[in-house]
Amino acid sequence: MPTIAVVGAGPQLGLAIARTYGTHGYDVALIARNRAKLEELAGELAAEGVTAAAFPADVLDRTALTQALKDAAAHFGGIDVLEYSPVGGLQTAMTTPAATEPADVQHEMEFQLYGAIAATRAVLPAMREAGGGTLLFTTGAGSVDPVPQIANVNAAAAALRNWVINLHKELDGTGVQAAHVAINVSIGTPAIPGFPTAQPEEISPVYWDLHTTKRDQAELVFSL
């Protein structure tokens, strides 16, 4: 069975992506920090007929993240799709551009860009050898059109976006697809009153589309 590894798996978008792939016959490797919560998600998927397993790791611990992905590949016989969407904003003090210091950006760079690079290095060699695979990376739409209130988060997201689009160019012709998904809505509940909101199940199909019918695209912006 093909396998998707969801890095940053949680009860909203991560679970919805797992379900979307699971309904198409994919096994699911769930990666995040909290083993108990991952086991809950795996149980929920199992009840729906989706084979899933938990591989706890913190994306800030690159060694642990790499090992979790290697363990998932060994458990399922390989990883065909990597989806990277950990949420780190709650641990970060938001800053405006003029008030931003290097330290304000560093945590988000570690969380978004460096974690994504480590995850990619753990799975890409096998994908290249197989001549196929998909690498999907998620940010907010501030990576494309930044807003002053969260300048430090947007800066790191923009760095990840740049790297993913460049990776897409490098992988052209190899059979491996890399793409960036920028989400221009609040997920589940509005973060700001009046801001557009979508349910995870409305967003997750775009990850399947990029893997199947839109493999030439380096980026997709989800908006309502």
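The values are calculated or read from the model by the stated rules, or taken from the named source; none is laboratory data. Keep in mind that what you see is a predicted model, and the values were worked out from it rather than measured. We place every Cβ from the backbone using ideal geometry, glycine too, and count neighbours over all the protein chains shown. The area values use the complete protein model at the heavy-atom level, side chains included, leaving out ligands, DNA and RNA. Shrake-Rupley method; radii C 1.70, N 1.55, O 1.52, S 1.80 Å.
Here is how the numbers come out for the structure above:
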| read-out | value |
| --- | --- |
| Residues within region 19-61 that are over 14 Å from Gly8 (Cα atoms), assigned to a loop (DSSP other than H, G, I, E, B) and among the basic types (Lys, Arg), tallied | 0 |
| Selection status of Ala99, surrounded by 14 or more Cβ atoms within 10 Å (Cβ to Cβ) and of a type outside the set (D, E, K, R) | no |
| Qualifying residue in region 175-187 (condition: modelled with pLDDT of 95 or more, farther than 18 Å from Val87 by Cβ and more than 17 Å from the chain's Cα centre (by Cα)) | yes |
| Condition met for Ala93 (assigned to a loop (DSSP other than H, G, I, E, B) and either within 25 Å of Gly173 (Cα to Cα) or open to solvent by 40 Å² or more (accessible area, probe 1.4 Å) (or both)) | yes |
| Residues located in region 168-222, provided they are open to solvent by 10 Å² or more (accessible area, probe 1.4 Å), touching a strand residue (DSSP E or B) at 6+ places or on another chain (Cβ under 7 Å), of a type in the set (A, V, I, L, M, F, W, C) and assigned to a helix (DSSP H, G or I) | Val206 |
| Matching residues, region 97-131, being in contact with a Pro (Cβ under 7 Å, 6 or more places away or on another chain) and within 20 Å of Ser85 (Cβ to Cβ) | Phe111, Gly115 |
| Filtered residue count, region 11-37, keeping only those that are in contact (Cβ under 8 Å) with a residue 40 or more places away in the chain, under 18 Å from Asp61 (Cβ atoms) and either among the β-branched types (Val, Ile, Thr) or open to solvent by 10 Å² or more (accessible area, probe 1.4 Å) (or both) | 2 |
